[in-house]
Structures are given as C-alpha cells and as structure tokens.
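Contents: one structure, followed by commentary.
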Amino acid sequence: MNKHLNFIVVVILMAGSFLTMHGNEDNLHNRASISGSLTSSDSYSLEISYHYMINDIVGVGGSLGYWKNYYEDGWAAGKDWAIDSEDNKPSNLYLKPSIVLKSPSLNIKGIPLALYVEPGLMLNIPYQRVWIEKTPNWPNTDYDHISTSKGQWLAGEARIGINVELGPGALCVGYFMSNLDIYSQYRHLSYQGISFKEFYPSKPFMQGAFITLVYHF
C-alpha cells in the first residue's frame with residue numbers, strides 16, 4: 001500500500017500549490033484541508049478534504065484518505081508458512097463523504113474560537129490481498145498470495161474539536177471516534193484451512209485525536 005500513500009502525498013502537494021496560486025480570490029465558500037490522526041487501534045490516517053461551505057456554519061463535501069496499522073497485534077502463521085511481514089499491518093484507501101458543522105466564533109483574547117463537528121461515512125476498498133511466505137525447505141523461501149472481498153468496508157466516523165481561525169486559514173484539533181475494525185477483512189482470510197480469525201483481534205470501536213490544517217478560498 002506504500003504506492004497509495006505516495007499518491008496521497010503527491011495530491012496534497014498539488015493541492016497546496018493550487019491554493020497558493022488562488023489565495024487572493026474573494027470567494028470563501030471553498031474549504032480545503034489536510035488532516036492526520038492517531039487511533040486507539042494502533043493506526044494512523046492521512047487525508048485531504050474539500051467542503052463547499054453553504055454558509056459560515058454548514059459545509060458539505062468529502063475526503064480522500066489512507067489509514068495504516070503501525071503496531072502488530074497478531075501474526076498469522078502455520079506449519080512452514082507465515083504471512084509476509086510487510087503485509088502483517090493492515091492498511092486501506094478510503095473515501096469519506098461528510099458534513100462540516102461550525103459554530104459562530106467567540107473572540108477570546110483576540111483569538112476567534114469555534115466548536116467544530118464533522119460526521120461522515122468511511123468507504124474503504126472492499127478488498128485485501130496478502131502474501132504468504134512458505135518455508136517447507138528452509139532456508140529456501142517461496143511465496144503465495146490470498147485475498148478476500150469480505151469484511152467491513154463501511155464505517156461511521158464523528159469528529160468534534162476546536163476550530164481556531166488564522167486569517168484565510170484555520171487549525172482544528174480534537175477527538176474522533178469510529179466503528180471501523182481495522183482487522184475485519186484480515187479475519188476473513190484463510191490459508192491451508194486455517195482461518196485468520198484466531199490470529200487477529202476484534203476491535204469494533206476506535207477513538208483518537210486529530211489535527212487539521214484548513215484553507216478557505
């Protein structure tokens with residue numbers, strides 16, 4: 001999935017260049033942002049978003065994102081085989097249609113602060129493929145692959161935080177929760193009659209913190 005992460009980074013850079021070129025326009029109905037988060041499921045996410053602000057309070061749009069597990073909480077293995085180490089940390093690309101809700105700002109010591117809420121639906125790619133490392137004649141190694149289109153691909157997400165206006169931009173920090181189970185698709189994999197359910201835990205709820213950089217144009 002590293003190629004997917006590289007793709008998102010390229011899109012972020014292109015978006016940043018576009019916003020720089022159009023930063024003097026008077027139209028402030030457009031809200032572009034870059035966001036990152038860390039979760040209780042030992043995963044992180046990166047996403048770019050666009051929302052059309054109908055008014056100062058409500059916006060509609062969506063995000064393109066990528067999440068990845070960074071800490072192994074299981075290892076599928078059997079007699080003379082094991083999941084390849086590079087595939088043992090689940091990851092996926094997703095689209096997330098969402099609504100932005102922002103309260104009127106309160107000026108506190110010259111800093112405009114507002115409450116920020118963003119409910120959304122995360123649509124992951126409904127497919128996972130992993131490589132299996134086979135060592136029946138160790139140290140010789142052979143490889144096989146397995147895949148599944150089963151498991152959770154749709155999840156709800158809600159974010160709530162504080163929005164700080166910074167000229168044409170803004171900074172949002174806060175808390176989020178989701179019912180995404182990052183191991184759901186992996187638990188539907190099997191190899192040589194052995195289900196991966198016994199190797200990967202069920203994590204039907206995650207929570208964490210996010211930070212978002214916003215540009216209005």
With the full set of protein chains in place, find how many percent of the accessible area of the chain is carbon and sulfur; take the probe as 1.4 Å.
63
Which FRET efficiency value, to the nearest 0.05, do you get for Ser202 and Leu171 by plugging their Cβ-Cβ distance into 1/(1 + (r/R0)^6) with R0 = 35 Å?
0.50
Do you know the relative contact order of region 122-180, to the nearest whole percent, from alpha carbon pairs under 8 angstrom that are 6+ apart?
30
List the residues of region 81-108 whose backbone N lies under 13 Å from a point placed 7 Å from the Cα of Val60 along the Cα-to-Cβ direction.
97-100
Residue by residue through region 164-175, which ³J(HN,Hα) values in whole Hz follow from phi under the Karplus form 6.51 cos²θ - 1.76 cosθ + 1.60 (θ = phi - 60°), with glycine and proline marked x?
10, 6, 10, x, x, x, 7, 10, 10, 9, x, 10
Computed accessible area, Trp75, all protein chains, 1.4 angstrom probe, square angstrom:
100
Scan around Met177 for amide H atoms under 5 Å from its own, H built in the peptide plane at 1.01 Å from N, and keep only partners 5 or more places away or cross-chain.
Ala158
Given springs between every Cα pair under 10 Å in a Gaussian network model of the chain, which of Gln192, Gln207, Gln128 has the largest fluctuation?
Gln192
Among the listed pairs Lys150/Lys197; Lys134/Lys203; Lys68/Lys197; Lys96/Lys150, which have their C-alpha atoms separated by more than 24 angstrom in this model?
Lys134/Lys203
Considering amide H positions built from the backbone, and no H for Pro or chain starts, which residues 5 or more places from Met122, or on another chain, come under 5 Å of its amide H?
Ala155, Gly156, Glu157
Of the listed values (i) 69, 33, 28; (ii) 86, 40, 30; (iii) 58, 33, 33, grab the one calculated as Cα extents along the principal axes in Å from the structure here.
(i)
Pairwise FRET efficiency - Ile211 versus Tyr70, Cβ, R0 = 22 Å, nearest 0.05:
0.85
May I ask you to order 172-179, 63-70, 145-152 by the average number of other C-beta atoms within 10 Å around their residues, highest value first?
63-70, 172-179, 145-152
Which far-off residues, 5 or more places away or on another chain, put their amide H under 5 Å from the one on Leu189, with H placed in the peptide plane?
Phe196
At a probe radius of 1.4 Å, what is the per-residue accessible area of Glu47, in Å² to the nearest 10?
0
Would you calculate the separation in nanometres between label points at Ile108 and Asn137, each defined as 7 Å from the Cα along the Cα-to-beta-carbon direction?
6.9
Each residue of region 190-207 in order: what ³J(HN,Hα) in whole Hz does its phi give by Karplus 6.51 cos²θ - 1.76 cosθ + 1.60, θ = phi - 60°, with x for Gly and Pro?
7, 8, 6, x, 9, 7, 7, 4, 6, 9, 10, x, 8, 10, x, 9, 9, 9
The ³J(HN,Hα) series, computed from each phi in region 58-71 with the Karplus coefficients 6.51, -1.76 and 1.60 at θ = phi - 60°, rounded to the nearest Hz and given as x for glycine or proline, is 10, x, 10, x, x, 9, 10, x, 9, 10, 8, 6, 10, 10
Given a 1.4 Å probe, how much area per residue of the chain is accessible, in Å²?
53
Across all Cα atoms of region 119-217, Rg and the largest Cα-Cα distance (Dmax), in Å, are 19.8, 64
Listed residues Asn30, Pro126, Phe199: farthest to the positive end of the dipole of the chain (Cβ charges):
Asn30
To the nearest 0.05, how large is the calculated FRET efficiency for Lys79 and Ile125 if R₀ is 30 Å and r is the Cβ-Cβ distance?
0.45
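The values are calculated or read from the model by the stated rules, or taken from the named source; none is laboratory data. Bear in mind that the values here come from a model prediction, so they are computed numbers and not experimental data. A quick note on method: Cβ atoms are made from the backbone with ideal geometry, for glycine too, and the neighbour counts reach across all protein chains shown. All accessible areas refer to the heavy atoms of the entire protein, side chains included, with ligands and DNA or RNA removed. Shrake-Rupley method; radii C 1.70, N 1.55, O 1.52, S 1.80 Å.
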